[in-house]
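Taken together, the values in this text are just the output of simple stated rules run on the coordinates, not laboratory data. As the structure is a prediction and not an experimental result, all values here were calculated from the model. Methodologically, a virtual Cβ is constructed for each residue, glycine included, from the backbone with ideal geometry; neighbour enumeration extends over all protein chains shown.
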Amino acid sequence: MQKNIIISILVSASLIAGVIFYLSNESTSTANDSTTETQNVEIRDGVQYVTITAHGGYTPRTSTIQPNIPTKLIVKTNGTYDCSSALVIRSVGFEKILQPTGEEIIDLGALKSTESIEGVCSMGMYSFQIKTN
Ligand SMILES: [Cu+2]
């Protein structure tokens, strides 16, 4: 009898711990999403740089750039061990496993006003899009 009570306490304690862990994870990912609003496109010396973070997906999911300007994509990783580090950008023939922490600079060329570029993880679960305005 005593044993059963102890077991059920242990089981419910680990369930509660699991729920708390899940909820705290949820809130961090929401916090990350709110930073997607920040400006991630910058033109320096005639080159347009788009910066995207790969970590449990890509942030921001959608970026808007100007057409007809030579453009480079900077993909930042920071302790990225999930599959968003396996990046594929078909339209420019890019396919690479990124370093867990670092920066990858990918030449996108100058996009036409109707063009858009899509990056996906190698399994196609995560993606991001770069559109022209
Ligand atoms: Cu994936």
Checklist entry - Between residue 126 and residues 5 or more places away or on another chain, which pairs have amide H atoms under 5 Å apart, with H built 1.01 Å from N, and which residues are they? => result 121
Checklist entry - Counting Lys +1, Arg +1, Asp -1, Glu -1, what net charge surrounds residue 100 among other residues with beta carbon under 15 Å of its beta carbon? => result -1
Checklist outcome for this item: Amide H proximity to residue 72 below 5 Å, modelled H, separation 5+ or other chain, gives 48, 49, 50, 108
Checklist entry - Based on the mean of other beta carbon atoms within 10 Å per residue, what is the order of 107-117, 67-77, most packed first? => result 67-77, 107-117
Checklist outcome for this item: Checking rank on 52-59, 125-132, with mean other Cβ inside 10 Å and highest first, the result is 52-59, 125-132
Next on the checklist: I need the phi-derived Karplus couplings for segment 117-127: 6.51 cos²θ - 1.76 cosθ + 1.60, θ = phi - 60°, integer Hz, Gly and Pro marked x.
Outcome noted: 10, 10, x, 9, 6, 4, 9, x, 7, 10, 8
